[in-house]
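Pasting a structure here, questions to come.
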Amino acid sequence: MINFKKKYLIFLKIFYLIFLLSSCSSTSTNQDKSRLSDIEMYSKGLASLEKRNLNEATLEFDDVFLNYPFSSLASKAEIMSAYSLYENNEIQKAITKLSSFIEMNPKGELTEYAHYLIAMCYYSQVSSENRDPGASMKSLNYFKLIITKFPNTKYARDSKLKMQFLKNTLAKNELNIGKFYLRKGAPASSIKRFKSILKDYQNTSVIPETLYRLSEALLTLGLKDEAIKSTALLDYNFPNNNWTKLSKNLFKNKYELNQKEDSQFSIINYLKDFFE
């Protein structure tokens, strides 16, 4: 029993000693950090970011804000911390930090970049037209906001380019769904998808195929006159496109198609005539 008590006391002393050493080490580390100026802390963060030590960079930029909240570098450190998270593929954490920054700094000098970085967070998740289009839509909406609120910035110019890519991605997604419905014998559902492409994504690369598939779906429903209009629109706007050439094979009576040759359609007028 005595030996047990001695062992227990020795164990308590060792545990207490370890605790003291750990506490001293932690205090020493905190004191070392407090001795650094805001510029030194920020510079450490930049150095870690350059070396791709992204976890360290995030913590070091956070230290600037925590230790020097009224410094001129505090806002920059917040943004750089979010950027480090973005680079480290910690997307949701980056979005949360950026959203908080925008809420606290609705008109700050770095706010436009914060909006742009949120858009890029969603944009980085867009990898395939066959996946959930939610990230594409969110990214597109943020890029639209940038163009509206900050039209003369470099972020607006880049946003326009990325918006075109996103619209193509979303249009392809709609087209693939429409083709799926067509293959499954649901032409009415496919027509709704093709209609949405013509209405919302007029300047995208999938318009020729969309018009071709629309003609197919209309013919399946027995709407021959409307199918001819769709094909004529395809022929007028994209005369040398492969989908235009293929569309000629949809009809047995070529005379019906030739009747439409002198008609000049726009996609907008076609939508008014057919869908409204």
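Rundown of residues vs (1) under 19 Å from Y122 (Cβ atoms); (2) in contact with a Phe, Trp or Tyr (Cβ under 9 Å, 6 or more places away or on another chain); (3) β-branched (V, I, T); (4) at pLDDT 95 or above, yes/no style:
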{"site": "Q164", "(1), (2), (3), (4)": "yes, no, no, no"}
{"site": "N203", "(1), (2), (3), (4)": "no, no, no, no"}
{"site": "K224", "(1), (2), (3), (4)": "no, yes, no, no"}
{"site": "K229", "(1), (2), (3), (4)": "no, yes, no, no"}
{"site": "N240", "(1), (2), (3), (4)": "no, no, no, no"}
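What's the number of the only condition in (1) β-branched (V, I, T); (2) surrounded by 16 or more Cβ atoms within 10 Å (Cβ to Cβ); (3) modelled with pLDDT under 80 that I268 fails to meet?
(2)
Then there's this: Which helices (runs of 4 or more DSSP H) sit wholly inside segment 136-251 and have at least 3 residues that are touching a residue at least 40 places away in the same chain (Cβ under 8 Å)?
154-183, 187-200, 224-237
Please state which of the following conditions G222 fails to meet, knowing it meets all the rest: (1) in contact with a helix residue (DSSP H, G or I) (Cβ under 9 Å, 6 or more places away or on another chain); (2) surrounded by fewer than 18 Cβ atoms within 10 Å (Cβ to Cβ); (3) not polar (S, T, N, Q).
Condition (1) is where G222 drops out.
For the list (1) within 17 Å of F165 (Cα to Cα); (2) at pLDDT 90 or above; (3) of a type in the set (A, V, I, L, M, F, W, C), I need the number of the one condition that I95 fails.
(1)
Please go through (1) at pLDDT 95 or above; (2) within 30 Å of D200 (Cβ to Cβ) for V126 and return the number of the only condition it doesn't satisfy.
So V126 meets the others, but not (1).
Quick one: which of S71, S48 is touching a helix residue (DSSP H, G or I) at 6+ places or on another chain (Cβ under 6 Å) and not in a helix (DSSP H, G or I)?
When all the criteria are applied, what remains is S71.
Next up: Would a scan of segment 80-92 turn up a residue that is free of Cβ contacts under 8 Å to residues at least 12 places away in the same chain and among the small types (G, A, S)?
no
Which of the residues that make up segment 171-207 are crowded, with 18+ Cβ neighbours inside 10 Å, over 19 Å from M137 (Cα atoms) and not polar (S, T, N, Q)?
K179, Y181, L182, P187, I191, I207
The values are calculated or read from the model by the stated rules, or taken from the named source; none is laboratory data. All figures in this text were calculated on a predicted structure; none of them were measured in a lab. Note that each Cβ is placed from the backbone with ideal geometry, even for glycine, and that neighbours are counted across all protein chains shown.
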